[in-house]
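Undergrad: Before anything else, here's the structure in question.
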């Protein structure tokens, strides 16, 4: 049985006469009971043709192209869950807060930096919502400072839970303001297709920053820029142009 694959790079291992082998790029083939591997999604044990078809349906549904608003909101919901967990951990009297705070800090910082590079810079280039964008920059910086100080404060401040509550309140305020006012400003100047292109660029920016941190080579900048709406690519390259040795921005 064989299906055409929608996504580039889709490969599935199938049982053949000589053992498991990769399918041709862009196709999916399977025996009656074939182990399957789809872009890092590993099925434990054996899968029937029906199971693989169901997995494909789920995979294509879950990886639909998101707009910048959907991509950012999805991560905002995760931050809210982490903040709730951190608040609970702050009252538990153990060290469970450490891992939660570390995950929150890494997630929020990478989110903020990619968001600034993609959405905030796009709004500035479109001459839209500049005051909102500058306010957003300030709130990002404030949140980073609060999260960095929480680890130290835990050791010396008996009212650490109140500091977590303040961080939660400040981040929630920022999220609500961003999803209403900044998203509203963006919807006035970006079409649905442009919002989807911005979403793809944001996701790729996050991926590249996870590998390179705040240092990005020119080829990576070009890769992200090519995902943006054409009218924004030149400004993006200019804002993130490598300096000095050509390896950082």
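The values are calculated or read from the model by the stated rules, or taken from the named source; none is laboratory data. Quick caveat, the model's predicted, so the values are computed rather than measured. When we count neighbours, we look across all protein chains shown, and the Cβ atoms used for this are built from the backbone with ideal geometry, even at glycine.
Undergrad: With respect to residue 127, is the statement that it is outside any helix (DSSP H, G or I) and within 30 Å of residue 223 (Cα to Cα) true?
TA: yes
Undergrad: Another question, then. Does the stretch 107-119 include one or more residues that are in the same structural domain as residue 223 (by TED's automatic domain parsing) and free of Cβ contacts under 8 Å to residues at least 24 places away in the same chain? So that I can check it myself, show each step before the final result.
TA: Residues of the stretch 107-119 in the same structural domain as residue 223 (by TED's automatic domain parsing): 107-119.
Subsequent filtering for residues that are free of Cβ contacts under 8 Å to residues at least 24 places away in the same chain retains none.
For the stretch 107-119, residues in the same structural domain as residue 223 (by TED's automatic domain parsing) and free of Cβ contacts under 8 Å to residues at least 24 places away in the same chain: absent.
Undergrad: Tell me which of these residue 151 doesn't satisfy, since it passes every other one: (1) under 28 Å from residue 194 (Cβ atoms); (2) in contact (Cβ under 8 Å) with a residue 24 or more places away in the chain.
TA: For residue 151, the exception is condition (1).
Undergrad: With modelled with pLDDT under 95, part of a helix (DSSP H, G or I) and under 26 Å from residue 210 (Cα atoms) as the only criterion, which of 59, 72, 83 stands out?
TA: Working: 72 fails: modelled with pLDDT under 95; 83 fails: modelled with pLDDT under 95.
One residue alone meets the criteria, 59.
Undergrad: Tally time: how many residues in the stretch 98-116 are under 12 Å from the mean Cα position of the chain (by Cα) and surrounded by fewer than 19 Cβ atoms within 10 Å (Cβ to Cβ)? Even if it seems obvious, please write down each step before you answer.
TA: Quick first cut of the stretch 98-116, residues under 12 Å from the mean Cα position of the chain (by Cα) only: 106-115.
Right, trim to surrounded by fewer than 19 Cβ atoms within 10 Å (Cβ to Cβ) and you get 106-107, 109-110, 113.
Residues that pass the stated criteria total 5.
Undergrad: Out of 150, 119, I need the residue that is part of a helix (DSSP H, G or I), crowded, with 19+ Cβ neighbours inside 10 Å and at pLDDT 95 or above. Which one? It would help to see each step written out before you state the result.
TA: Values: 150 fails: at pLDDT 95 or above.
On inspection, the qualifying residue turns out to be 119.
Undergrad: Does residue 126 satisfy the condition of being more than 17 Å from residue 205 (Cβ to Cβ) and either surrounded by fewer than 16 Cβ atoms within 10 Å (Cβ to Cβ) or in contact (Cβ under 8 Å) with a residue 60 or more places away in the chain (or both)?
TA: Numbers: more than 17 Å from residue 205 (Cβ to Cβ): yes; either surrounded by fewer than 16 Cβ atoms within 10 Å (Cβ to Cβ) or in contact (Cβ under 8 Å) with a residue 60 or more places away in the chain (or both): yes.
Against the criterion (more than 17 Å from residue 205 (Cβ to Cβ) and either surrounded by fewer than 16 Cβ atoms within 10 Å (Cβ to Cβ) or in contact (Cβ under 8 Å) with a residue 60 or more places away in the chain (or both)), residue 126 qualifies.
Undergrad: Quick check: is even one residue across the stretch 197-210 more than 21 Å from the chain's Cα centre (by Cα), part of a helix (DSSP H, G or I) and either modelled with pLDDT under 80 or at negative phi (or both)?
TA: No; the residues of the stretch 197-210 include none that is more than 21 Å from the chain's Cα centre (by Cα), part of a helix (DSSP H, G or I) and either modelled with pLDDT under 80 or at negative phi (or both).
Undergrad: Can I ask one more? Which of the numbered conditions does residue 210 fail, given that it passes all the others? Conditions: (1) in contact (Cβ under 8 Å) with a residue 24 or more places away in the chain; (2) crowded, with 20+ Cβ neighbours inside 10 Å.
TA: (2)
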